[in-house]
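Engineer: I'd like to ask you about the structure that follows.
The values are calculated or read from the model by the stated rules, or taken from the named source; none is laboratory data. Remember, it's a predicted structure, so these values are computed and weren't measured experimentally. Because the Cβ atoms are built from the backbone with ideal geometry, glycine has one as well, and the counts that use them run over all protein chains shown.
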Amino acid sequence: MTTALVRSGFKATLRVALLISLLAHGALAEEEDRELTFQNDILPIIRTRCIRCHAGVEPKAGLNLTNSSSLLSGGESGPTLRIGAAEFSLLYEKVSSGKMPPVGQKLTAEEKGLLRSWINAGAKGVDAAASIDESDDLTGVEHWSFHPPVRPDVPVVRQSDHIQNPIDAFVLEQLEANGLTMAAEAERLTLLRRASFDLTGLPPSPESVEQFLGDDHPLAYERMIDRLLASPRYGERWARHWLDVAGYADSAGILSEDRPLPLAWRYRDYVIRAFNSDKPYDRFLQEQIAGDELTDYWTAYETMDRLPDDVIEGIIATGFLRTAADASRPDFNTIKNAAAQYYYPTMFDTLQIVCSSTMGLTVQCARCHSHKFDPISQVDYFRMQAVFSTAFRPDNWVPQMERRLHIASKKEKDAADQRNAEVDANVEKLKAEQSVVQADFTDRLFKDRLAALPEAIQSDVTTALDVEAEARTEVQQYLAEKFAKVLRPQGKELDAALGEYADYKSGTDDINFRIAAEERRRWLFDEVRAVYDLPGEATTPVLLRGDPLTPGPQVEPGSLTTLDTPTPFEWTAPVSEAKTSGQRLAFVRWLTQPQHPLTARVMVNRIWMHHFGTGIVATPHDFGIAGATPSHPALLDWLATEFVRSGWSIKHMHRLILASNTWRQRSRADSLHREMCESIDPDNSLLWRQSMRRVEAEPLRDALLSVSGTLSDRLYGTPQTVARQKDGEVIVPEGQDQNRRSIYVQILRLNPETMLQVFDQPPISVNCTERSTSTVSTQALTLLNSDVMTAAAISFADHVCTQQPNDPVGRAVLIAFSRPADSDERGLLSQFVEEQTTLYLNQHDEKTRISTDVVSEARRQAIVDLCHMLLSANEFVYVD
Amino acid sequence: MSPFDLMSRREALCRFGAGFGGLALNSLFSTPVDAAGIPSPNRAHFEPRAKAVIQLYMHGGPSHVDLLDPKPMLTKFDGTTPPDEVADDENRTKHLMGSPFSFKQYGESGLEFSEIQPFVSQHADDIAVIRSMFTEHRNHEQAIWMAQTGMTIAGRPTLGAWTAYGLGAETSNLPAFVALPDPSGQSVDGVRNWSSGWLPPLYQGTVFREQGSPVLHLQPKEPRPRSIEESRARLLQQLNERHLAARPGELELEARIASFELAGRMQLAATDALDLSQETAETQKLYGLDDDTTKSYGTRCLMARRLVERGVRFVSLFMAGQPWDTHTNNNEGTKTCCQRTDKPVGALLTDLKRRGLLDSTLIIWGGEFGRTPAAEQRDGKAADGRDHHPYGFSMWLAGGGIKGGQHYGATDDFGYRAVEKRTQTADLHATILHQLGLDHESLTWHHNGRDERLTDVYEASVLEELIA
């Protein structure tokens, strides 16, 4: 434990040492306790030392120190002080270093001490900063993404035979304008493998390859897509994308203990369920930001027998607002400035996650100043923060472990309390009974054992043991030492000794049994890591330069006024006894209005990105002025409006995109096409072909498990815990179901699973809006030499040898690459198996080399090697 | 020889150390670097003074008043309460606690060290002690983030990652940034100490280990015969070449093929770099490898020298846990840390110097903060520990164009607050980058809508007085 975190409470009343100079006296001075105030203690110092320059109409450096309301705002150099942090306050810095006052007498040590103590005790008497950065600079508000998408007409193009749906028309329009065409449609199996990885994050099984190849129905392709979308594997794949932007982790972050979060997985499962059930995206956001308010949790809690399913789902969904690192513990309330140091940062991160995931905006710049890149004002930033303040309450923080709701209604809870009180009482009674029995038998044991001693010493021993230890004579001491253990055994020895009495055992066994039965009656509820409004009134100050130690004026909840939304943010304060403010619901209703300029665009762009490698806006986290210009602006708006029109159906968007010729293009464009197109559009931003893509960390691990036939298909539940090995590798240890999909592998911020980390699973500090893809030699080493790979290769080899003993090579290629082996390849691989078998046999002496066991083992090893190289090959990790 | 060496046909690709991303490929294949792509400057902005950095990170926050910043007044007023001006603002400590260690002047410069650093002090004339450091948080993790990444928030790239991004490696066979954690346990904040944050993962520190295989997965658990390895590698190569032949122009595929080749070369280079048996008995003894107390840290110091010698750009050394966090028994704890590290660090300086490497290797010594001049209170009484202290502490630099034999800045009479030439972390970072030929304002990475830099929003200045 970090001891420094546990601090003795910081007293608002300070010890004021009245000493002329410690150096002169070297002795303790008199002390008294009283609160320092600006008026009584600080203003007099300022009047003598600072007033010559820092007062009046035109104070130096724009700083008037005589006014309690201008101290925080400060002057040209920024805030003069930070409440509670003298060491980092400009005022203290200047006077303690002797820079101020520049002429005349410097402050005495006593004055410096007073000033310092006053600031550190909370700078009593200072008003909130009056002046804030209220920029009314509107430059940039005309930016395209700040205005609602308007459904464009589908363009008419020349190559109309290439059109499956409007997507193709928009893409062709731009290709034709540049004199380009689409690439041919990819082969069927290529499409199957691509769709399979895109939608489920797994390679197609050999059975589904055969099924698809054998399906000559005109809608075979559509049926294949439908099968993939209906698979529960789809939700696992797409939930992972969302968990990236939500910043999901299974540990609290911040402190080194990196405490695991035992309940976080419920939110992860919620996301998987949401994708699998194609929950409308507007509803999905509403639940995540205000599920408790949307489903009226408090009414259900207080009036219903049990919580309805939608309410439970609603409160679980608010786990979205709990993904930001939050290591708070109950003892944090003893830390000086804990809100500034720990609670506010969690709120800042939460707001960043909300805005970057849903609106593709980097609002965090506006925490410190208005209009850095985008025309977002600091006041708007804090208005949005105010939306969440009623729940988060930095002034009245609830430690992260305690911020949870039970899956229970009030009635259930009351009933449970009543029953559990009964259980407590009964258990207590039983335990009392037990101790009586124990005392009786302890007595009996004493007597029985005493009787076994020579009669002559029995009474002396008894007396020796009865006398208090300090009062014993030498002889008594000797006797006590010698016989105490035998006659009055303690702990386990006593239990063992008493156990010898059959009637003792049956008596206590019976009591224990009754205690256990009582305990089973205890009524416990599942818990949810949720967000909900806390009682009491929340206030939200604008923080000067984003600094919680320089609070400014209060603001009311609101949203981004920069955005041109048909419906403004509307919220009225509820009646005072209301359990929840309705602020988050008002915010998310504003966010999910059909014509919100960003919500639909940002999500369709993400969907697009995961089907093409790059978004229509290449910066999915930044739709603002510094973000990338859309490659196909009309298409983006068409998709956004289509998304809303479909009832915010994500699966509808997949079907559209995967049905398009644009998506179905080959990535391996023929050289003529490629040469022509690359000269005009080297980055393929016009989509003259599909992009070859490498699978990410999780699908890579999942595919390895899948092809080796060991992937578990168990959905949901607590995470597979990870363990750090002595050599530093973090692995999923062997045990029950260690081969579950990677989305179920516990994400500890400080101990990421090694293989996933090596393949670029993002480290979660806030959230990840776009993954990096690196190609480094540690990946090669992991593939070649890690235990995980070795094990996968062995399982894979055994799997293919069992399934197709006559053609393991052909089977291995089919499983790994989702296509039959061609004849050249078959030759190459068969030859490898032959040669490799010989190499293994050569490891043996001539005598053993001919044993059939040795020969078959050598062949098996050769096939393992073959399988290992297939899994390491480019074709396994790249999708055409 | 490694089997993968058989096919080292893309030597040129491997300019980039342990990996290569868009840049290496772009520069090699002359495709333009797109605006949102991965631009790495991969070159110095001006003539560097140092080619490499060895960071001796001291987890926990070493006690400056017991090591580098002598305070006679603390001794004089030992046991008394301090004036308000330097009283602990959190009331955790109360009575001033003088250092039990005597300070002496060393070298021609007369730079002062306490007696518990008999080896490092011999290099006084090469060392510049900054006595006026201050930081912004008094909890370890946040202060570590400040020291390592420039701000008190999590998830930013470390100094080593910025250096790797800015300069790449000098060798093709080893990573640019190597972390040497303590095999006996994780340091506080674990892997974040060598994280690349939001820089591409390519720039994160690669962990080299002093026991067992030098790099994780460098070898399989059960080594395969050479001929077997070679034929496996050949098969992989054939599979990949067939795959590539059908996909001409896919640079990523070439890069991935090359990464396997580099892995092969790294197997050799890393094994060689960490083979300390190549060192003479005298050198091994110099680093204290013959003594159980100094062996572990000495091994890492010697590894660091061998890595730097082979072109690694940035090496960070760590100790398990946070041994300098002397909340109790400060004197003994600080002394024990010195016993474990002083001789190896002294040896590192001696060894680099005699090999002519000190001029081009910057050594950074220090932790995330210092310790309080007053003793911690336990049960209302003065105990024997010192608490975390962010307001004034010391760090030292040596080599790499640093002007030794000087102390820079000062704390007040009690070592409480940095008062002269106050030095924020950003100044130190700017100076370190400057010695490497990098301008802290120009070394940027576009992230979340802005050009991020190590020194972020701080107005940082290179500490010119420290430079020779």
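Engineer: Got a sec? Which strands (runs of 3 or more DSSP E) wholly within the stretch A:502-596 have at least 3 residues that are in contact with a Pro (Cβ under 8 Å, 6 or more places away or on another chain)?
Structural biologist: Because the criterion is at least 3 residues that are in contact with a Pro (Cβ under 8 Å, 6 or more places away or on another chain), the strands (runs of 3 or more DSSP E) in the stretch A:502-596 that meet it are A:541-543, A:551-554.
Engineer: To continue, here is another question. Restricting to the stretch B:104-120, name every residue that is of a type outside the set (D, E, K, R) and touching a Leu at 6+ places or on another chain (Cβ under 8 Å).
Structural biologist: So the first thing to find is which residues in the stretch B:104-120 are of a type outside the set (D, E, K, R), and the list is B:105-107, B:109-111, B:113-114, B:116-120.
Of everything in the stretch B:104-120, those that are of a type outside the set (D, E, K, R) and touching a Leu at 6+ places or on another chain (Cβ under 8 Å) turn out to be B:105, B:113, B:114, B:116, B:117, B:120.
Engineer: Within the stretch B:250-263, can you find the residues that are of a type in the set (Gly, Ala, Ser) and more than 7 Å from every other protein chain (Cβ to nearest Cβ)?
Structural biologist: Within the stretch B:250-263, just B:258 meets the criteria.
Engineer: Can I ask one more? Are any residues in the stretch B:184-195 surrounded by fewer than 24 Cβ atoms within 10 Å (Cβ to Cβ), small (Gly, Ala, Ser) and either within 8 Å of chain A (Cβ to nearest Cβ) or touching a Ser or Thr at 6+ places or on another chain (Cβ under 8 Å) (or both), and if so, which ones?
Structural biologist: Selection gives B:184, B:190.
Engineer: Would you pick out the residues in the stretch B:378-394 that are surrounded by 17 or more Cβ atoms within 10 Å (Cβ to Cβ) and out of contact with any helix residue (DSSP H, G or I) (no Cβ under 7 Å at 6 or more places or on another chain)?
Structural biologist: Scanning the stretch B:378-394 gives B:382, B:383, B:389, B:392.
Engineer: Among the residues in the stretch A:756-768, are any part of a helix (DSSP H, G or I), more than 10 Å from chain B (Cβ to nearest Cβ) and closer than 27 Å to residue A:611 by Cα?
Structural biologist: The answer is yes; a qualifying residue exists.
Engineer: Looking at (1) among the aliphatic types (A, V, I, L, M); (2) within 14 Å of another protein chain (Cβ to nearest Cβ); (3) free of Cβ contacts under 8 Å to residues at least 60 places away in the same chain; (4) crowded, with 24+ Cβ neighbours inside 10 Å, which is the only condition residue A:338 fails?
Structural biologist: It is condition (4) that residue A:338 fails.
Engineer: Would you check if residue A:871 is at the interface with another protein chain (Cβ under 9 Å from one of its Cβ atoms), in a helix (DSSP H, G or I), under 41 Å from the mean Cα position of the chain (by Cα) and in contact (Cβ under 8 Å) with a residue 60 or more places away in the chain? First the steps, then the outcome.
Structural biologist: Numbers: at the interface with another protein chain (Cβ under 9 Å from one of its Cβ atoms): no; in a helix (DSSP H, G or I): yes; under 41 Å from the mean Cα position of the chain (by Cα): yes; in contact (Cβ under 8 Å) with a residue 60 or more places away in the chain: yes.
Criteria not met by residue A:871.
Engineer: Is it true that residue A:196 is in contact with a helix residue (DSSP H, G or I) (Cβ under 7 Å, 6 or more places away or on another chain), under 29 Å from residue A:819 (Cβ atoms) and touching a residue at least 12 places away in the same chain (Cβ under 8 Å)?
Structural biologist: Yes, satisfied.
Engineer: Give the residue, chosen from A:428, A:455, that is surrounded by fewer than 16 Cβ atoms within 10 Å (Cβ to Cβ), over 30 Å from residue A:517 (Cα atoms) and either without any contact (Cβ under 8 Å) to a residue 40 or more places away in the chain or touching a Cys at 6+ places or on another chain (Cβ under 9 Å) (or both).
Structural biologist: Matching residue, one of A:428, A:455: A:455.
Engineer: Continuing with the same structure: I'm trying to understand the selection: among the residues of the stretch A:619-632, which are aliphatic (A, V, I, L, M) and either in the same structural domain as residue A:352 (by TED's automatic domain parsing) or free of Cβ contacts under 8 Å to residues at least 24 places away in the same chain (or both)?
Structural biologist: The one that is aliphatic (A, V, I, L, M) and either in the same structural domain as residue A:352 (by TED's automatic domain parsing) or free of Cβ contacts under 8 Å to residues at least 24 places away in the same chain (or both): A:628.
Engineer: Can you name the residue in the stretch A:628-678 that is in contact with a strand residue (DSSP E or B) (Cβ under 7 Å, 6 or more places away or on another chain) and assigned to a helix (DSSP H, G or I) and is also nearest to the other protein chains (Cβ to nearest Cβ) among such residues?
Structural biologist: For the stretch A:628-678, the residue satisfying everything is A:664.
Engineer: I would also like to ask the following. Can you tell me which of (1) facing another protein chain (nearest Cβ under 7 Å); (2) over 33 Å from the mean Cα position of the chain (by Cα); (3) in contact (Cβ under 8 Å) with a residue 60 or more places away in the chain is the one residue B:235 doesn't meet?
Structural biologist: Among (1) facing another protein chain (nearest Cβ under 7 Å); (2) over 33 Å from the mean Cα position of the chain (by Cα); (3) in contact (Cβ under 8 Å) with a residue 60 or more places away in the chain, the lone unmet condition for residue B:235 is (3).
Engineer: So for the stretch A:114-126 (the condition being among the aliphatic types (A, V, I, L, M), touching a Gly at 6+ places or on another chain (Cβ under 9 Å), more than 17 Å from residue A:549 (Cβ to Cβ) and at pLDDT 85 or above), does at least one residue qualify? Steps first, answer last, please.
Structural biologist: To start, the set of residues in the stretch A:114-126 that are among the aliphatic types (A, V, I, L, M) comprises A:114-115, A:119, A:121, A:123, A:126.
This time we only want the ones that are touching a Gly at 6+ places or on another chain (Cβ under 9 Å), so: A:119, A:121, A:123.
Checking the rest, the ones that are also more than 17 Å from residue A:549 (Cβ to Cβ) come to none.
Within the stretch A:114-126 (the criterion being among the aliphatic types (A, V, I, L, M), touching a Gly at 6+ places or on another chain (Cβ under 9 Å), more than 17 Å from residue A:549 (Cβ to Cβ) and at pLDDT 85 or above), the answer is no, since none of the residues qualifies.
Engineer: OK, next. Right, residue B:456: touching a Phe, Trp or Tyr at 6+ places or on another chain (Cβ under 9 Å), surrounded by fewer than 24 Cβ atoms within 10 Å (Cβ to Cβ) and not basic (Lys, Arg) or not?
Structural biologist: no
Engineer: State which residue pairs qualify: first residue free of Cβ contacts under 8 Å to residues at least 24 places away in the same chain and farther than 26 Å from residue A:96 by Cα and inside the stretch B:419-447, second residue hydroxyl-bearing (Ser, Thr, Tyr) and part of a loop (DSSP other than H, G, I, E, B) in any location, beta carbons under 6 Å apart, and separation of 6 or more residues or different chains.
Structural biologist: B:440/B:455
Engineer: In this structure, does residue A:689 turn out to be touching a residue at least 12 places away in the same chain (Cβ under 8 Å) and more than 10 Å from every other protein chain (Cβ to nearest Cβ)?
Structural biologist: Yes: the conditions hold for residue A:689.
Engineer: Could you tell me which of the residues A:283, A:266, A:322 is more than 22 Å from residue A:406 (Cα to Cα) and in contact (Cβ under 8 Å) with a residue 12 or more places away in the chain?
Structural biologist: Residue meeting the stated conditions: A:283.
Engineer: Give the stretch A:246-258 a look and list any residue that's within 13 Å of chain B (Cβ to nearest Cβ) and within 20 Å of residue A:275 (Cα to Cα), or say none.
Structural biologist: A:247, A:249
Engineer: Considering the stretch A:761-801 alone, what residues qualify as being of a type in the set (Val, Ile, Thr), over 28 Å from residue B:258 (Cβ atoms) and at pLDDT below 95?
Structural biologist: A:764, A:766, A:769
Engineer: A follow-up question, please. From the set of residues in the stretch B:210-230 that are surrounded by fewer than 20 Cβ atoms within 10 Å (Cβ to Cβ) and within 7 Å of another protein chain (Cβ to nearest Cβ), which is nearest to residue B:307 (Cα to Cα)?
Structural biologist: If we take residues in the stretch B:210-230 being surrounded by fewer than 20 Cβ atoms within 10 Å (Cβ to Cβ) and within 7 Å of another protein chain (Cβ to nearest Cβ), then B:212 is nearest to residue B:307 (Cα to Cα).
Engineer: Shifting gears a bit: Which pairs have Cβ atoms under 7 Å, sit 6 or more apart or on different chains, and link a residue in the stretch A:107-120 that is at negative phi and at the interface with chain B (Cβ under 9 Å from one of its Cβ atoms) to one that is part of a helix (DSSP H, G or I) and polar (S, T, N, Q)?
Structural biologist: A:112/A:96
Engineer: Of the residues that make up the stretch B:122-136, is at least one surrounded by fewer than 24 Cβ atoms within 10 Å (Cβ to Cβ), at pLDDT below 95 and within 13 Å of chain A (Cβ to nearest Cβ)?
Structural biologist: Among the residues of the stretch B:122-136, at least one is surrounded by fewer than 24 Cβ atoms within 10 Å (Cβ to Cβ), at pLDDT below 95 and within 13 Å of chain A (Cβ to nearest Cβ), which makes the answer yes.
Engineer: Can you find, within the stretch B:243-279, the residue that is farthest from the chain's Cα centre (by Cα) among those that are outside any helix (DSSP H, G or I) and farther than 25 Å from residue B:295 by Cα? So that I can check it myself, show each step before the final result.
Structural biologist: Initially, the stretch B:243-279 is screened for residues outside any helix (DSSP H, G or I), giving B:246-250, B:274-275, B:279.
Going one step further and asking which of them are farther than 25 Å from residue B:295 by Cα, we end up with B:246-250.
On the way: B:246: 45, B:247: 42, B:248: 42, B:249: 39, B:250: 37 Å.
Here the residue is B:246.
Engineer: Give me a count of the residues in the stretch A:351-390 that are under 21 Å from residue A:143 (Cα atoms) and either in a loop (DSSP other than H, G, I, E, B) or of a type in the set (Gly, Ala, Ser) (or both).
Structural biologist: Summing the residues that are under 21 Å from residue A:143 (Cα atoms) and either in a loop (DSSP other than H, G, I, E, B) or of a type in the set (Gly, Ala, Ser) (or both) in the stretch A:351-390 gives 16.
Engineer: Output the number of residues of the stretch A:368-384 satisfying the condition of being under 29 Å from residue A:251 (Cβ atoms) and in contact with a strand residue (DSSP E or B) (Cβ under 9 Å, 6 or more places away or on another chain).
Structural biologist: Number of matching residues: 2.
Engineer: Please count how many residues of the stretch A:686-701 are within 13 Å of residue A:667 (Cα to Cα) and part of a loop (DSSP other than H, G, I, E, B).
Structural biologist: Summing the residues that are within 13 Å of residue A:667 (Cα to Cα) and part of a loop (DSSP other than H, G, I, E, B) in the stretch A:686-701 gives 6.
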